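Participant: The following block contains the structure, expressed as structure tokens.
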Amino acid sequence: MTLSHENLKQSIQFLLKLQEIDGKLFKLKEEMEKPASDFLALKQQQSEAAAAVSLAERQFRQIDRERRALELKFLTLQEDSRKAESRRKEVRNTKEEFASDREVENLQKRIQETKSLFDERTAAAEEKAKSLETKQAELSKIDAEFKQKTEERNARVSELQGEWKILEDNRNEFISKVHEDVFSMYERVQKLRRGTGVAVVSGRVCGGCFVSLPPQMVSQLQRLEEVFTCPSCSRILFPEALLEAENSSPAEAAL
Ligand SMILES: [Zn+2]
């Protein structure tokens, strides 16, 4: 790349302006890609609450199935018991009477056992139904909150997109003023360095990574006859002394 000192100086001065925009763009991008932590926390809560609801639903269905099976068993036993009672009326001898009594007794006992299991499962199902209801209410509350947060987030994202558009238009204006080779060097570095591709050198120190530069490089840099990049962070270097007057305070200019 052959560039006069003046062209190079101007290019890098525009890059410094471009860099201000890129820093802002970088922050916007970060916010757009990474939602605020309360949004993420709520999303987490929502998925946990949904999992709790589906677990409670499964448990309720299981208990309810057991309850209905016991109910069916109970009704069947009652029917069997009625049949046994009518057979008892037709016994022909003591032996048959004894056997019939045993059968009825046995069925009654099983009916009692089934009834008590059925009652126990019914109570358990009611309790599960209540707990499911509580969990569903918690989830609905989180869903409503999440919906509101999502709307807020979407509004914020369109706001950021609006800002993005303005900055990008600004950016394009500056790009056209920078030599294209210098710009491509800058672009490579700024993408890796959070939107900063140029560093101002104060004394011997790179303003990008704060590493001290070799003295010879610093003195060559003052003449700015070619592009120098920081050996440590690869940013394009620019001597503080060449900053435009409005960009440097009198104290800095005196250094
Ligand atoms: Zn550096």
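Participant: Fewest to most neighbouring Cβ within 10 Å: what's the order for 94, 229?
Facilitator: So the ranking, lowest neighbour count to highest, is 94, 229.
Participant: How far apart, in nm, are two points set 7 Å out from the Cα along the Cα-to-Cβ line at residue 33 and at residue 76?
Facilitator: 6.3
Participant: Just tell me which lysines come within less than 22 Å, Cα to Cα, of residue 24; anything on the same chain fewer than 8 places away is out.
Facilitator: Result set, ordered by chain and number: 34, 165, 177, 191.
Participant: With +1 on each Lys and Arg Cβ and -1 on each Asp and Glu Cβ, how big is the dipole of the range 37-165 about its Cα centre, in debye rounded to the nearest 20?
Facilitator: About 440 debye.
Participant: Next question. At 0.36 nm per residue, and after removing the present C-alpha to C-alpha distance, how many nm does the segment from residue 47 to residue 209 gain when stretched out fully?
Facilitator: 54.2 nm
Participant: Among 116, 21, 201, which residue has its Cα furthest toward the positive end of the charge dipole of the chain, with +1 on Lys/Arg Cβ and -1 on Asp/Glu Cβ?
Facilitator: Positive-most Cα among the choices belongs to 116.
Participant: Between the helical axis of 94-175 and the dominant principal axis of the chain, each derived from Cα atoms, what acute angle in degrees is found, rounded to the nearest 10?
Facilitator: Approximately 10 degrees, to the nearest ten.
Participant: What FRET efficiency do you get for residue 104 and residue 62 if R0 is 51 Å and r is their Cβ-Cβ distance, rounded to the nearest 0.05?
Facilitator: After rounding to 0.05, the efficiency reads 0.90.
Participant: Also, quick follow-up: What angle, in degrees between 0 and 90 and rounded to the nearest 10, separates the Cα long axis of helix 180-192 from the longest principal axis of the Cα atoms of the chain?
Facilitator: Value to nearest ten degrees: 40.
Participant: Going toward the positive end of the dipole of the range 37-165, with +1 on Lys and Arg Cβ and -1 on Asp and Glu Cβ, which of 47, 98, 154 do you reach last?
Facilitator: 98
Participant: At 0.36 nm per residue, minus the direct Cα-Cα distance, what do residue 89 and residue 6 gain on full extension? Give it in nm, one decimal, please.
Facilitator: Separation in residues times 0.36 nm, less the Cα-Cα distance, equals 17.6 nm.
Participant: When you take every Cα atom in the chain, what is the radius of gyration, and what is Dmax, the widest Cα pair distance, in Å?
Facilitator: 40.6, 129
Participant: What value, in deg cm²/dmol to 500, does the helix sum -39500 (n - 2.57) over DSSP H runs of n ≥ 4 give at 222 nm once divided by the residues of the chain?
Facilitator: -27000 deg cm²/dmol
Just so you know, all these numbers are worked out from the coordinates, no wet-lab data involved. Computed from a predicted structure; not experimentally measured. Methodologically, a virtual Cβ is constructed for each residue, glycine included, from the backbone with ideal geometry; neighbour enumeration extends over all protein chains shown.
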